[in-house]
Amino acid sequence: MILWAFLSFIVSFLLLPVAGKLALSYNFTDKPDKQRKCHQCAVPPIGGLVIIPVFMVMSVLSGLSIQEHIYFIVALGLVWAIGGLDDKYYLSAGVRLSVQFFAALLLVIGNLTEIYYLGDLFGFGDIQTHPFSVLFSVLCIVLVINAINMIDGLNGLCGGVLAIMLMALACASMMAGGHEMVTPIFILLGALSGFLFYNYRYKSFDKNCLFMGDSGSTSLGLILSWMMIELTQNTTGAGLGLLEPALMAWIIALPVFDALWMFAYRLFHGQSPLQADRHHIHYLMCDQGISEKNSVNVIHYITLFYAAFGVVTISLLDVPAAYLMPLWLACFFMHGWAVFSQSVKIPLRKILNTY
């Protein structure tokens, strides 16, 4: 596992600057608009165009069966390709969403990556999603795809959040006795680490900066959905897989919180739920005067707290999910308050800017 992670890191690390130079030569860049895109110069959004192929090639070389996962590979290719086209030509939200739904349907029906068991979330017995399991699964996958895409707003933010969540998945899986998914998790971690060197940068690295692009964030959302469902569902029949579904709710809490409340905020204000704006939690922090670096670090810490809390309480201490869901819901509504109030407390800003 460690060897594959190291190899994927090296390949990603070496290919990214080459791809970046090619992108610049063909004017394939993300240009600042002084509104949401406040970077200083045009930056190639080619992170995903490198990370995803590296992940797939290394996964297949490490033993992932193409025949067994052909529908997942096709679905990933569709999301990856439409994301790359969107990075270049700015496709409409309807086109992107249609492809995402189709890819999610391929993953659920073709690859049998289906959510039919949620566990005892509220103390009233196990929750089964049948007969709506296909629809529920597709909606969850599309939600995660867009949640990861929406969190990709600051340098190092999305990649760091994904790395934390993947490490939590790997730890929980190994604590539970291991799973064939652990190797792909480490491979993706390696490829992401190579990208973060060029994305989570300081001023001395500005000239080498690269962005993930929609091809990366949406594809990573699909991969994360696939991994989480495979780890929590027993494919031989309705029941628990290796990990508790409630653990996934904690690991992916922050991006899902932000996406759901952003949809609610936009609908409440009569906007399209897919219309881009600056009401994500990371933009709200920056708009309150918190530096970009500190905003990214704080969101990483919050993600780490949620993920570690879930792994420790559910995987290590075996606390019933029904005891933890009220706390999860409380965190969810706190996030909503931050979004709707459009404010982050001034004392927090002072603390962070001195750190």
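Overview of results
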| quantity | calculated |
| --- | --- |
| Cα-projected label distance for Leu240 with Leu329, points at 7 Å along beta-carbon direction, nm | 2.2 |
| 5 angstrom amide H check on Asp30, placed H, neighbours 5+ away | Val43 |
| Stretchable slack from Ala322 to Ala42, in nm (0.36 nm times residue separation minus alpha-carbon distance) | 96.0 nm |
| Label-point separation in nm, Leu274 to Ile66, each point 7 Å along Cα→Cβ | 3.2 |
| Long-range amide H partners of Gln233 with built H, under 5 Å | Gly241, Leu242 |
| Contour minus Cα-Cα distance for Leu267 and Tyr26 (0.36 nm per residue) | 83.0 nm |
| Per residue, in Å², the accessible surface of the chain once ligands and nucleic acids are set aside, probe 1.4 Å | 45 |
| Read-out P(r) over Cα pairs in 20 Å bins from 0, in percent, derived from the coordinates shown; its label in (1) 30, 62, 8; (2) 26, 47, 24, 3; (3) 34, 60, 6 | (1) |
| Hz values of 3J(HN,Hα) by residue in region 299-306 - Karplus curve (6.51, -1.76, 1.60), Gly and Pro given as x | 5, 4, 5, 5, 4, 4, 4, 4 |
| FRET efficiency, 1/(1 + (r/R0)^6) with R0 45 Å, evaluated for Ile73 and Phe124 via beta carbons | 0.70 |
| Cα gyration tensor category, rounded, prolate or oblate, for region 20-113 with a/c compared to 1.5 | oblate |
| Length added when fully stretched, Leu139-Ser98, from 0.36 nm per residue minus Cα-Cα | 13.5 nm |
| Cross-link partners of Lys88 among aspartates and glutamates (Cα-Cα below 14 Å; sequence separation of 8 or more within a chain) | Asp30, Asp214 |
| From phi via Karplus (6.51, -1.76, 1.60), per-residue ³J(HN,Hα) for region 308-316 in Hz, x at Gly/Pro | 5, 4, x, 5, 5, 6, 8, 7, 8 |
| Fraction of accessible area attributable to carbon and sulfur, region 227-304 (%, probe 1.4 Å) | 60 |
| Global geometry of region 1-158, whether rounded, prolate or oblate, following the gyration tensor of its Cα atoms and the 1.5 cut on a/c | prolate |
| Listed residues Glu244, Glu68 arranged by accessible area, highest first, probe 1.4 Å | Glu68, Glu244 |
| Using a Förster distance of 35 Å, the FRET efficiency for Leu260-Val18 (Cβ separation, nearest 0.05) | 0.35 |
| For Ile252, residues with placed amide H under 5 Å, excluding near neighbours | none |
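The values are calculated or read from the model by the stated rules, or taken from the named source; none is laboratory data. This structure is a prediction, so every number in the text was calculated from the model and none was measured. For neighbour counting, all protein chains shown are included, and Cβ atoms are generated from backbone atoms with ideal geometry for every residue, glycine included. These area figures cover heavy atoms from the full protein model, side chains too; ligands, DNA and RNA do not enter into them. Shrake-Rupley method; radii C 1.70, N 1.55, O 1.52, S 1.80 Å.
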